[in-house]
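**Student:** Structure provided below as structure tokens; questions to follow.
The values are calculated or read from the model by the stated rules, or taken from the named source; none is laboratory data. Not measured: the values here are computed from a predicted model. Cβ placement follows ideal geometry from the backbone for every residue including glycine, while neighbour counts extend to all protein chains displayed. For the accessible areas, the whole protein counts, side chains as well, though only heavy atoms, and no ligand, DNA or RNA atoms are used. Shrake-Rupley method; radii C 1.70, N 1.55, O 1.52, S 1.80 Å.
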Amino acid sequence: MGDVTTVQQASPTLGRLVVIGLGLIGGSFAKGLREKGLFREVVGVDLDARSCQLAVELGVVDRCESDLAAACRGAAVIQLAVPILAMEKLLRELAALDLGEAVLTDVGSAKGNVVRVARQVLPATLSRFVPGHPIAGSEQSGVEAANGALFKRHKVILTPLAETDAEPLALVDRLWRALEADVEHMQVEHHDQVLAATSHLPHLLAFGLVDSLAKRSENLEIFRYAAGGFRDFTRIAGSDPVMWHDIFLANREAVLQTLDAFRDDLDALRAAVDAGDGHQLLGVFTRARMAREHFSKILARRAYVDAMHTNDLIYLANPGGSLSGRIRVPGDKSISHRSIMLGSLAEGTTEVQGFLEGEDALATLQAFRDMGVVIEGPHHGRVTIHGVGIQGLKAPPGPLYLGNSGTSMRLLAGLLAGQPFDTTLTGDASLSKRPMNRVAKPLREMGAVIETAAEGRPPLTIRGGQRLTGMHYEMPMASAQVKSCLLLAGLYAAGETSVAEPAPTRDHTERMLQGFGYPVAVDGNIACIESGHRLVATQIEVPADISSAAFFLVAASIAEGSELVLEHVGINPTRTGVIDILKLMGADITLENPREVGGEPVADIRVRAARLKGIDIPEDLVPLAIDEFPVLFVAAACAEGRTVLRGAEELRVKESDRIQVMADGLHTLGVKAEPTPDGIIIDGGAYGGGEVYSHGDHRIAMAFSVAALRAGAPIRIHDCANVATSFPDFLGLAAKAGLRVQGEAP
């Protein structure tokens, strides 16, 4: 997509625009471009004399012309905005005229028949013909409803032909962008198939349902008690019958294909109702409930849930304050991911409590829905997974879109490497920049066939039907994601798969596999698994995420007078590096009520304000705190003396280059922070406020929110929408605890 073209009204660049057909669409196109001043003259043509009169009176066109030949002679652009079945007659009339070098375009909602006729009667003009379709409308019709802003933020699909020259295409594209439309290009056949499904079929169903119910003897009762959902669905049955009659005849083949596919699905749904097959019904209903939101995020290339509704959500964090009370942060993201994956592969029904309803975990959930798993929820952290067994996944209907979740992509790569079907894994712009060779390379050594984009980046295409063979893999760098990926591939690999890690990493996968009854041997730094066993459904209670708790651990440590209790936090020893590092810096942190829930150790964590001191962070703690370093850098900025981090090069390939982005932000605040290839050196002391940029990284945004507690002036943090990936209600919980941070419009 390019930027919207801004047109200065005082300097028209084109000659005459002729719009044939002064209804809502043609009139709005004419009026909008006349207001922009792109053409020296805008001329309308319409069979209805009253429409022509109104078009001039309302400023839609400069003048109207009753003679088609006179209107088109010397025109720069001719827009065909007549009903779809009238298009053939109009094209034949235009074929008899001298159109000169005029560019032709149209607004029909079906393109195949228009193109067929154009090829027959206007072969010499095809190089200047740009078929188009604005997806916009109004409940009002006619030229009196013409609105120059009608197409703003609406899609316009152009379907250039093989014969269409680049210059006319660029011109028509420019005109629609001048009206602030969102312009896309598409092949004619694909356009007609897509519109048959998204527009034509729903109208057909609405017309058919209302007609069917209206013919029944109890029709008055049906309509009397119809609720809002019925009215919403059938609203489009109030559309112009003649126009839709034309559309269905014009796009007959594509409509029939879509209707036949829908009829097959409807027959399957009827069979499920007839057989009392609740599982089948639940699968359809749960998938449908989330589908609309899911696909809208794919089209927007955003992370899975757009909870913030803006590309540049800004946090305004004010200085001062202290933290107190008791809070519970969201569920552990790592465990939430794995609960969906293993619950889907288990036999039986798995119940999950405390599931993190953030973007990343929801992306994993949707991926398994796309592979045929029936999943209820989430609702207040509860998810019910109807497992299909290790061999029960089905080919998804298209690519699996994983939003911003690197965990989802890396773990799924291993799990899908042994499936009998092909799969493509895609993500948003941020995920598409992250390296995947660290999992692709060892999976290929096991026999997987994986294709990536340049430099091993997404999308990943995983070819099904490969025979995987277990192996022993010495990880060059400690990574729980790589380890988990290979263990999941080991479920499908012949023989034994073992992974040796150079330093301890989180072991949630090993623990949860054992919780589902699948044997995993752990001996020192080596985890080993073999295929041939089964997963059995279980109950999972997800503890609060220590990575989310880390922001409050640091906040309460640096804010004078603070005392805060974080409830039910997971304290898996492979995740507690942040606590160990803060304690080495002098933090006052105690664990209370330690217990084990579902195989994972948890505790309440009490933290009080303390004077922190700079330290050399032990390298053996780095893998145990890899996700918590952004906020630990804030702790270092508040500490007395120097803090040095080494051995953390993995931070440069997270959602952002966390070393450089944090260093840049700290510099803005006045903190002396020197990035190194594998870490950073930070000298603590007083600092001020300013504008910092999170680069779409949720942990960066939250870290600088915490930094404001000790800042000398407010901190404005840009690009914070992705906080929803791991901490959907960060602002609410932060305010409850005592931070002075709030969202601000860009």
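**Student:** Give the residue that is farthest from Ala503 (Cα to Cα), with candidates limited to residues of region 524-575 that are in contact with a Pro (Cβ under 6 Å, 6 or more places away or on another chain) and among the small types (Gly, Ala, Ser).
**Tutor:** Ser548
**Student:** Please determine whether any residue of region 595-614 is farther than 30 Å from Met436 by Cα, open to solvent by 50 Å² or more (accessible area, probe 1.4 Å), over 36 Å from the mean Cα position of the chain (by Cα) and modelled with pLDDT under 95.
**Tutor:** Taking every residue of region 595-614 in turn, at least one turns out to be farther than 30 Å from Met436 by Cα, open to solvent by 50 Å² or more (accessible area, probe 1.4 Å), over 36 Å from the mean Cα position of the chain (by Cα) and modelled with pLDDT under 95.
**Student:** Scan region 576-594 for residues that are open to solvent by 50 Å² or more (accessible area, probe 1.4 Å), closer than 18 Å to Gly614 by Cβ and not in a helix (DSSP H, G or I) and jot them down.
**Tutor:** Once the filter is applied, which keeps residues that are open to solvent by 50 Å² or more (accessible area, probe 1.4 Å), closer than 18 Å to Gly614 by Cβ and not in a helix (DSSP H, G or I), region 576-594 yields only Asp588.
**Student:** Look at region 244-275 and say how many of its residues are buried (at least 16 other Cβ atoms within 10 Å of the Cβ), over 13 Å from Leu205 (Cα atoms) and aliphatic (A, V, I, L, M).
**Tutor:** Counting residues in region 244-275 that are buried (at least 16 other Cβ atoms within 10 Å of the Cβ), over 13 Å from Leu205 (Cα atoms) and aliphatic (A, V, I, L, M) gives 4.
**Student:** Just need a number here: residues in region 146-185 that are of a type in the set (A, V, I, L, M), touching a helix residue (DSSP H, G or I) at 6+ places or on another chain (Cβ under 8 Å) and buried (at least 17 other Cβ atoms within 10 Å of the Cβ).
**Tutor:** So the count comes out to 10.
**Student:** Tally up the residues in region 40-96 that are open to solvent by 40 Å² or more (accessible area, probe 1.4 Å), farther than 24 Å from Ile247 by Cβ and within 44 Å of the chain's Cα centre (by Cα), please.
**Tutor:** Total satisfying the criteria: 3.
**Student:** Would it be correct to say that Ala110 is in contact with a strand residue (DSSP E or B) (Cβ under 7 Å, 6 or more places away or on another chain), in contact (Cβ under 8 Å) with a residue 40 or more places away in the chain and either of a type in the set (Lys, Arg) or not in a strand (DSSP E or B) (or both)?
**Tutor:** No, not satisfied.
**Student:** Any residue at all in region 564-575 that is closer than 24 Å to His698 by Cβ, touching a residue at least 40 places away in the same chain (Cβ under 8 Å) and open to solvent by 30 Å² or more (accessible area, probe 1.4 Å)?
**Tutor:** The answer is yes; a qualifying residue exists.
**Student:** Name the single residue that is most open to solvent (accessible area, probe 1.4 Å) among those in region 108-125 being more than 38 Å from the chain's Cα centre (by Cα) and aliphatic (A, V, I, L, M).
**Tutor:** Once the filter is applied, the top-ranked residue is Ala124.
**Student:** Then there's this: Taking the residues in region 692-746 that are aromatic (Phe, Trp, Tyr) and within 22 Å of Gly320 (Cβ to Cβ) as candidates, determine which candidate is surrounded by the most Cβ atoms within 10 Å (Cβ to Cβ).
**Tutor:** Phe704
**Student:** All but one of (1) in contact with a Phe, Trp or Tyr (Cβ under 8 Å, 6 or more places away or on another chain); (2) more than 30 Å from Leu323 (Cβ to Cβ) hold for Leu564; state the number of the condition that does not hold.
**Tutor:** Here Leu564 clears every test but (2).
**Student:** Follow-up question, since we're still on this one. Just to check your reading of the model, which residue among Ala454, Ala429, Ala478 is open to solvent by 10 Å² or more (accessible area, probe 1.4 Å) and in contact with a Pro (Cβ under 9 Å, 6 or more places away or on another chain)?
**Tutor:** Ala478
**Student:** Also: Hey, could you check region 495-540 for residues that are closer than 14 Å to Gly599 by Cα and in a strand (DSSP E or B) and say which is most open to solvent (accessible area, probe 1.4 Å)?
**Tutor:** Gln539
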